[in-house]
Structures are given as structure tokens and as C-alpha cells.
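Here's a structure for you.
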Amino acid sequence: MTQATPKGRPLDPELTERVLAAVRAEVAEHGFLNLRIESIATTVGCGKTAIYRRWPTKPELVAAAILDTFELGEVPDTGDVVDDLVAHAWQNIENFRRSLDVRTHGNGLLLAMFDMDVIPLISADYMDERHARGRAILARAVDRGQMSAALDHDLILDTLAGLTLFTMTLRPESPPPDDAALTDRYRALARSLVGAED
């Protein structure tokens, strides 16, 4: 999503994917600050210019590598706001799981995600749209009489997102809860946040 669109001949998508995969591996093991474009170019067998044509800065490159594993997902409409919020939150869980799969040699990608130069790019290209989709779920629930319009919609979405961040990265359980238990946890939180009755 953060890839530049330079003038000239079309960019090779296969090379783009190899660069992003190499960046994820390098940052995961050695961290954002130690990332060297020269090393990535050598790893994938291209010139530095091919990388800079796509991403003029290192933060843009790292943000693109992280977002390459993320999906925005659909806006769920189950007919019930609690189920919709659980499904919405589950997309974030799946995104974290994919990013964890490629972060097997360290926590460099997680740290890079919150770098002050990287996080605005991730926010602009991913988090803002995810938040807008969440607000659409809540606005629809208000229209359907499933929750009060007076509730703080941003707080509801931020709380659910915070649970995902806390569960998946800051305090992962060992062994992790199974999907059914995790779904129950999100459903209980969502019900509480929107004031749903049992």
C-alpha cells in the first residue's frame, strides 16, 4: 500500500515481493535501525535503485513489508453488532498471526511497527481504514437500535484493538487460547462495550 508509483517501465511484482520478504526477515532478526538497503539488494539480487524506485525511504519500505502481510478484510454484517465486532476484531488477530509467522527470529518487526517514522505510514495505509470500517459497523448498529448513539464509538474500537495488541504481542499466553476461548473473550468484551443484554 505504501509502494510508490514512479514514471517509466512497470515495476516487476515478483521482485517487489522478494524485496518485501527479505526486508521482513532482515528486520525480524536484526531490527529496523540495522536494516541496510545494500544488504537487501544483495539478498534479492537487484540494484539499490530498484528498491528506491519503489520506496524512497527506509520507513516506507518497512511499512510496506509489514502491510504486505495484512488484509483489511470485509465489513461483516451478521445482523448482530456483537458478532460483527467479534468478526471485525478477528481480522486483526489473523493479521497479527501472519506477521508472527514471519517473525520467527526476533521481535524486530513488532518494534519496527511502532517506530515513530513507520507508524504514521501504517496508520494512513491500514489503521485509518480499519477504524472507519469499525465505525460503519457501529453506526449501522445504532440505526438498527442495537446500541446507543451516545456511546463512544472510538473508545469501543480502540478497546477491542487494544485487547488484540495485548493478547498477541505484549502478553501472549503459553499455550495460546484456542479460537473458541478467544472468541468468547472478545464476545464478552464487545457485549460489555455496547451494553448488550444477555
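The values are calculated or read from the model by the stated rules, or taken from the named source; none is laboratory data. Since the model is a prediction, treat every value here as computed from it, not as a measurement. Note: ideal-geometry Cβ built from the backbone for every residue, glycine included; neighbour counts use all protein chains shown.
For segment 14-66, name all the residues that are outside any loop (DSSP other than H, G, I, E, B), surrounded by fewer than 16 Cβ atoms within 10 Å (Cβ to Cβ) and out of contact with any helix residue (DSSP H, G or I) (no Cβ under 7 Å at 6 or more places or on another chain).
14, 17, 42, 49
Scan segment 93-109 and report the pairs whose first residue is on the phi < 0 side of the Ramachandran plot and part of a helix (DSSP H, G or I) and whose second residue is surrounded by 17 or more Cβ atoms within 10 Å (Cβ to Cβ) and at pLDDT below 55, with Cβ atoms within less than 8 Å and a gap of 6+ or a chain change.
Pairs found: 109/102; 109/103.
Residue 60: in contact with a Leu (Cβ under 9 Å, 6 or more places away or on another chain) and either farther than 25 Å from residue 142 by Cβ or outside the structural domain of residue 179 (by TED's automatic domain parsing) (or both), yes or no?
Working: in contact with a Leu (Cβ under 9 Å, 6 or more places away or on another chain): yes; either farther than 25 Å from residue 142 by Cβ or outside the structural domain of residue 179 (by TED's automatic domain parsing) (or both): yes.
Criteria met by residue 60.
Would it be correct to say that residue 89 is in contact with a Leu (Cβ under 6 Å, 6 or more places away or on another chain) and among the aliphatic types (A, V, I, L, M)? Break it down stepwise before answering.
Details: in contact with a Leu (Cβ under 6 Å, 6 or more places away or on another chain): yes; among the aliphatic types (A, V, I, L, M): yes.
Yes, satisfied.
With respect to residue 142, is the statement that it is modelled with pLDDT under 95 and either under 14 Å from the mean Cα position of the chain (by Cα) or more than 26 Å from residue 22 (Cβ to Cβ) (or both) true? If you could, list the steps in order and put the result at the bottom.
Numbers: modelled with pLDDT under 95: no; either under 14 Å from the mean Cα position of the chain (by Cα) or more than 26 Å from residue 22 (Cβ to Cβ) (or both): yes.
In short, no.
Let me ask another. Of all residues in segment 125-139, which are without any contact (Cβ under 8 Å) to a residue 60 or more places away in the chain and under 20 Å from the mean Cα position of the chain (by Cα)? Please lay out each step first, then the result.
To start, the set of residues in segment 125-139 that are without any contact (Cβ under 8 Å) to a residue 60 or more places away in the chain comprises 127-132, 134-135, 138-139.
If the condition is that a residue be without any contact (Cβ under 8 Å) to a residue 60 or more places away in the chain and under 20 Å from the mean Cα position of the chain (by Cα), then 127, 128, 129, 130, 131, 132, 134, 135 are the ones that fit.
One residue is enough: does segment 110-120 have a residue meeting the conditions modelled with pLDDT of 90 or more and not in a loop (DSSP other than H, G, I, E, B)?
yes
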